[in-house]
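Below is one structure, written out as structure tokens; comments come after it.
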Amino acid sequence: ATYWLGYNDLLPILLLSAGLLCLMRRQAAWAGLFYAAAASAKLSMVLALPLVAIYFYRNKNSRALVLPFLGVLAAAGLLLALPFALSASALSMLLNNPE
């Protein structure tokens, strides 16, 4: 796995995989939590969200899980982003970056 992904990708991929596994087991709250943690660990994990949306759209039995998934996803995402948003040093590093 380290040859293909690299060390910086192992934890986000693990969290994303755990979220997808929970989604398949119909545990929407845990799936939202793991997905938010994966996106918090590496922002490129957000690219998997359209795949999750397609999963919910194509599986009529799973449509009842959309609201719990999105609720926990939003709450966990805000909770995980809050320390960064409240840090003046982090915001300065982000906004004053020449790239």
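The values are calculated or read from the model by the stated rules, or taken from the named source; none is laboratory data. Source: prediction; values computed, not measured. Cβ: placed from backbone, ideal geometry, glycine included. Neighbour counts: every protein chain shown. The accessibility values were calculated without ligands, DNA or RNA, using every heavy atom of the protein model including side chains. Shrake-Rupley method; radii C 1.70, N 1.55, O 1.52, S 1.80 Å.
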Taking a probe of 1.4 Å and leaving out DNA, RNA and ligands, the chain shows per residue an accessible area in Å² of 73
Could I have the simple spin-label model distance between Ala88 and Leu49, label points 7 Å from Cα toward Cβ, reported in nm to one decimal? 3.1
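Which value in deg cm²/dmol, rounded to the nearest 500, describes the helix-derived mean residue ellipticity at 222 nm for the chain, given -39,500 (n - 2.57) per DSSP H run of n ≥ 4 and division by the residue count?
Details: 5 runs with 71 residues, N = 99.
That comes out to -23000 deg cm²/dmol.
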In whole Å, what are the extents of the stretch 10-53 along the principal axes defined by its C-alpha atoms, from largest to smallest? 24, 19, 13
GNM, the chain, Cα, under 10 Å: largest mean-square fluctuation among Ala81, Ala39, Ala29? Ala81
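Got a number for carbon plus sulfur as a percent of the chain's accessible area, 1.4 Å probe?
On the way: 5050 of 7230 Å².
Ligands and nucleic acids excluded, carbon and sulfur give 70 percent.
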